[in-house]
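The values are calculated or read from the model by the stated rules, or taken from the named source; none is laboratory data. None of the values given here were measured: they were computed from a predicted structure. Heads up, the Cβs are rebuilt from the backbone with ideal geometry, glycines too, and the neighbour counts pull from every protein chain shown. Quick note on the areas: whole protein, heavy atoms, side chains included, nothing else; ligands and nucleic acids left out. Shrake-Rupley method; radii C 1.70, N 1.55, O 1.52, S 1.80 Å.
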Amino acid sequence: MSEESIKICQSCAMPLNDPNLWGSNADGSKNEDYCLYCYNDGRFTTEESMEEMIESCVPHTSHNNPWPDDATAHKAMHEIFPKLKRWQNRV
């Protein structure tokens with residue numbers, strides 16, 4: 001599977017390979033851009049800065065899930081997050 005075909009949440013970069021992980025729009029339909037943890041009922045579940053989002057995601061993505069440690073996770077997220085739809089106009 002090529003990297004381009006991997007769908008990720010456009011807020012936290014979580015892989016969205018299962019439709020059960022997709023967020024929901026205000027009308028109850030699935031939103032394929034965002035995960036259920038970031039987007040529910042047509043709005044973001046939290047109002048936070050990109051930096052705050054990175055801080056809350058690091059514990060879930062370090063320790064070889066997929067990055068080996070917090071520093072590597074921080075570095076990777078600082079490269080990925082500015083390219084995500086939610087953060088593009090807010091950075």
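So for the pair THR45, ALA26, with labels modelled 7 Å out along Cα→Cβ, what separation do we get in nm?
Taking the two extended label points, one gets 2.1 nm.
Under the 0.36 nm per residue contour assumption, what length would be gained going from the current alpha-carbon distance of THR72 and LYS7 to full extension? Display every interim value, and only then the final one.
Values: separation 65, 0.36 × 65 = 23.40 nm, distance 2.15 nm.
Length difference between fully extended and current span is 21.2 nm.
Could you work out how far helix 70-80 tilts from the main Cα principal axis of the chain, as a 0 to 90 degree angle to the nearest 10?
Roughly 50 degrees between the two axes.
Excluding residues fewer than 8 places away in the same chain, name every one of the aspartates and glutamates whose C-alpha is closer than 19 Å to that of LYS7.
In chain and number order, the partners are ASP18, GLU32, ASP33, GLU79.
Taking amide H atoms as placed 1.01 Å from N in the peptide plane, list the residues 5 or more away in sequence, or in a different chain, whose amide H sits under 5 Å from that of ILE8.
Placed amide hydrogens put LEU16 under 5 Å from ILE8.
For TRP22, what accessible surface area do you get with a 1.4 Å probe? Give it in Å², rounded to 10.
TRP22 exposes around 50 Å² with every protein chain in place.
State whether the stretch 1-80 is rounded, prolate or oblate according to the following rule on the C-alpha gyration tensor (a ≥ b ≥ c being the square roots of its eigenvalues): a/c under 1.5 gives rounded; otherwise a/b larger than b/c gives prolate, and the remaining case gives oblate. Show your work: numbers first, answer last.
Numbers: a/c = 2.44, a/b = 1.46, b/c = 1.67.
Oblate shape, in that a/c is at least 1.5 and b/c is the bigger or equal ratio.
Give, rounded to the nearest 20 debye, the magnitude of the charge dipole that the chain has about its Cα centre when Lys and Arg contribute +1 at Cβ and Asp and Glu contribute -1 at Cβ.
Dipole of the chain, to the nearest 20 debye: 200 debye.
Could you list the GluC sites (Glu not before Pro) in the chain that lie in coil according to DSSP, counting only those with at most 12 other Cβ atoms within 10 Å of their Cβ? If you can, show how the numbers build up before the last one.
Numbers: sites: GLU3, GLU4, GLU32, GLU47, GLU48, GLU51, GLU52, GLU55, GLU79; in loops: GLU47, GLU48.
Passing both the DSSP loop test and the Cβ count: GLU47.
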